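What follows is a short report on a single structure.
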Amino acid sequence: MQARFLGIAELAVTPSVAVVVDVMRAFTVAAWAFAQGAEKIVLAESPGEALALRTRHPEWVALKDGPPAPGFDLVNSPGLLRSTDLGGRTVVQKTTAGTVGALAVREASLVLCAGFVVAEATARLLRTRACDSVTFVVTGEDGRADEDLACAQYIARRAAGAGTDAAGFVRRAARSRAAAELASGVRQGVHPDDVALCLELDRFPFAMVAALEDSLMVLRPCAVPPPTGGDPS
Ligand SMILES: O=C(O)[C@H](CS(=O)(=O)O)OP(=O)(O)O
Ligand SMILES: [Mg+2]
């Protein structure tokens, strides 16, 4: 499998297969939302679009990064989300990096959104589909966020079938600027457990697939059962 690692601004052409990585925190939060029962996540272009969708669909739940804001029900924190019952709900998510990255590749034929919590399921889905060329969108810090790059490189190696020790990749993420900012209170809307939750490897057994539905980019969980008889890789 050929892997490319690009920042959002470097996406000159729409890739065929894209894995959009945001470890801290958009896609860790998305995975927790599904674990808490959410049916789907609509990725919004802007806070204004998120609020407009929330107004049009009063039963939906609006989530954005940063501090709590009027009209929004939730913030972009896995630690805060894990005690919220989202059974059957639709979540509208708008963040600085992750949701922007997914919308940038909305025309791709396959879009996966990922973090360490869904790393193996994401790699397994890429293996199942026999994708020979995959573009990893490193969403943070103009493509240089090491928590996202480390996770993308780890998934790429697992997708290629390499038996890879995750520890070094997770350690890089733990030492990233985002981890330091979340731990030190520079970022807002944070729970003390957020960094640890973002570093949990394979917490969830599903991948997350985003696709256009009636012009909205919609993220859904996708079960990827392990191969029977053991995974040879
Ligand atoms: O919520 C996050 O961690 C960031 C926003 S900020 O860097 O904290 O302002 O958004 P994300 O898109 O999840 O990287
Ligand atoms: Mg991020």
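At 7 Å along Cα-to-Cβ for each site, give me the label-to-label distance between His57 and Ala223 in nm.
Going from the His57 label point to the Ala223 one covers 2.3 nm.
So what is the calculated 222 nm ellipticity per residue for the chain, using -39500 (n - 2.57) for each DSSP H run with n of 4 or more, over all residues, to the nearest 500 deg cm²/dmol? Let's see the in-between values first.
Details: 9 runs with 76 residues, N = 233.
Taken over the chain, the calculation gives -9000 deg cm²/dmol.
Rounded, prolate or oblate: which fits the range 105-220, taking a ≥ b ≥ c as square roots of the Cα gyration tensor eigenvalues, rounded meaning a/c under 1.5, else prolate when a/b beats b/c?
Numbers: a/c = 1.88, a/b = 1.31, b/c = 1.44.
Here the range 105-220 falls in the oblate category.
What ³J(HN,Hα) values, in whole Hz, does the Karplus curve 6.51 cos²θ - 1.76 cosθ + 1.60 give for the range 184-198 when θ = phi - 60°, with x put for Gly and Pro?
These are the phi-based 3J(HN,Hα) values: 9, x, 5, 8, 10, x, 10, 9, x, 8, 4, 4, 4, 5, 6 Hz.
Would any residue of the range 79-102 have its amide N under 18 Å from a label point 7 Å out along Cα→Cβ of Leu212? List them or say none.
Only 100-102 pass the distance filter.
Return the single residue from Thr139, Thr122, Thr96 with maximal mean-square fluctuation; model: Gaussian network over the chain, springs between Cα atoms under 10 Å.
Thr96
When the chain is fully extended, how far beyond the present Cα-Cα distance does Glu49 get from Ala183, taking 0.36 nm per residue of separation? Spell out each step's value before the answer.
Values: separation 134, 0.36 × 134 = 48.24 nm, distance 3.00 nm.
This chain segment gains 45.2 nm when fully extended.
Test of the criteria: in the range 120-213, which chymotrypsin sites (Phe, Trp or Tyr not before Pro) are in a DSSP loop and have at most 15 other Cβ atoms within 10 angstrom of their Cβ?
Details: sites: Phe136, Tyr154, Phe169, Phe206; in loops: none.
Here no loop site has a sparse enough neighbourhood.
What does the C-alpha gyration tensor say about the overall shape of the range 164-233? Classify as rounded when a/c is under 1.5, otherwise prolate if a/b is larger than b/c, or oblate.
Values: a/c = 2.81, a/b = 1.25, b/c = 2.24.
Judged from the Cα gyration tensor, the range 164-233 comes out oblate (a/c at least 1.5, b/c at or above a/b).
Evaluated at 20 °C with a viscosity of 1.002 mPa s, what Stokes-Einstein diffusion coefficient in µm²/s does the range 2-222 have when Rh comes from the Kirkwood expression over alpha-carbon pairs? Can you show the working numbers first?
Details: Rh = 16.9 Å.
Estimated diffusion coefficient is 127 µm²/s.
Rank Asp194, Asp73, Asp22 by mean-square fluctuation in a GNM of the chain with C-alpha springs under 10 angstrom and give only the top-ranked residue.
Checking each option, the largest mean-square fluctuation is seen for Asp73.
Throughout, read-outs are computed from the coordinates displayed, never taken from laboratory work. All figures in this text were calculated on a predicted structure; none of them were measured in a lab. Don't worry about glycine lacking a Cβ; one is built from the backbone with ideal geometry, like all the others, and counts go over all protein chains shown.
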